[in-house]
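Q: Pasting in a structure now, in structure tokens, and then I'll have a few things to ask.
Since every read-out is calculated from the coordinates, none of them should be taken as a lab result. A quick note: this is a predicted structure, and the numbers were derived from the prediction, not measured. Reconstructed Cβ throughout: ideal geometry from the backbone, glycine too, with neighbour counts over all protein chains shown.
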Amino acid sequence: ALAPRRIIVTGGAGFIGSNFVHWVVENQSEVHVTVLDALTYAGNRENLVGIPEDRLTFVHGDICDAALLEELVPEADAIVHFAAESHNDNSIADPAPFVRTNVEGTFQLLEAARRHGTRFHHISTDEVYGDLALDDPARFTEETPYRPSSPYSSTKASSDMLVRAWHRTYGVDATISNCSNNYGPRQHIEKFIPRQITNILTGARPKLYGDGLNVRDWIHTEDHSSAVWAILTQGVAGETYLIGADGERNNLEVLRSILQRMGRDADDFDWVRDRPGHDRRYAIDSSKLRRELGWRPRHTDFSEGLDETIQWYRDNEDWWRGQKEAVEAKYANQGQ
Ligand code: NAD
Ligand code: TDX
């Protein structure tokens, strides 16, 4: 098992990356973190406040910048790669940055890892497997064929293929994890759960796509962090691990639960235009990760996790207020 002392976390100023950095600083006292983040619209330096200076180095830069990687990577024992363009609706409106960051960026990081023999863990998504029918008893496993639907998921699938090839051909010490939908603090308000919470907080009506019956498999972001750490330190090179916490729910149920917890009527929302190519259902079988690495999720009560998340957006209005109007204007333009 690897005990990395100095890790590079790409995308560490975003939602899942920042939650991972906080988790590492709190749970792994001997580890120093260097965050490499371009601070796009989705990255926020504020997401890393409170971390002691001697535990964190913040580098404002781009993962496509090979010269910068050449400075940073020789100093590190491992790279944990979260940086990505992450939002499906944005990828439909303008796919170009997804190809650049998700494909080209992952390529540049793999090349740096290859030159310096650096351990590499790649963060990916269950969306690479496409979708399942609502009545299909199956769930995704590590053996499910790739069948991505959106520009976003196809660029994530491409990045996974690069990682597999760099392991097999060049022997890069790489692992991959494909996780289901995350929720929790610091998620960008363009995403489903925070969009609806902040709509209610600003007096706007929540917006549900299509028939609202699409199913997502929700996991608390802290459980994603503990799983990534387990794979980074105990995972087998060349292997893929699916991360999920048995949290399948349809969007209508999740929205009604948010409305009810925030004291609103269950029907106090708008039906809006469906997402083109909208995946019907995601579902993860995480038994390999549980069996081989002994991982277990801790946040198994979704209602409790939702209440804490709602409370976080109530307490941190300064964090999201400035972006709300522009995010909603962009959606309104798309009829969503
Ligand atoms: P996010 O959009 O909140 O954060 C992405 C971060 O990457 C931001 O801080 C951004 O500034 C940074 N970034 C973007 N382009 C960059 C570049 N070229 N160079 C350096 N930094 C750059 O995303 P997230 O939801 O936290 O997702 C993180 C990772 O987890 C992604 O790889 C995503 O595909 C994966 N993932 C997300 C989910 C989910 O539910 N959100 C589920 C499974 C997997
Ligand atoms: O306003 C909305 N109304 C709505 O009904 C929004 C923003 C979304 N939706 C629906 C679409 C999806 O069925 O809610 C579901 C969740 O939507 P998103 O939050 O956009 O997530 P999703 O498209 O499922 O992708 C997420 O999970 C997998 C992350 O954004 C990806 O980065 C990750 O790979």
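Q: Between GLU248 and residues 5 or more places away or on another chain, which pairs have amide H atoms under 5 Å apart, with H built 1.01 Å from N, and which residues are they?
A: Answer set, sorted by chain and number: TRP218.
Q: Right, something else. I'd like the Karplus ³J(HN,Hα) series for segment 205-217: coefficients 6.51, -1.76, 1.60, θ = phi - 60°, whole numbers in Hz, and an x wherever there's a Gly or Pro.
A: Once rounded to whole Hz, the list reads 8, x, 10, 10, 7, x, 9, x, 9, 4, 9, 10, 10.
Q: Distance between the C-alpha centers of segment 264-336 and segment 89-123? Whole Å please.
A: After rounding, the separation between the Cα centres reads 24 Å.
Q: Arranged by the count of other C-beta atoms within 10 angstrom, fewest first, what order do ILE284, ILE200 take?
A: If I rank by nearby Cβ atoms, fewest first, I get ILE200, ILE284.
Q: When DSSP assigns beta bridges and you keep just the ones with both residues in the chain, what percent turn out antiparallel, to the nearest 5?
A: Details: 3 of 38 bridges.
The answer is about 10 percent antiparallel.
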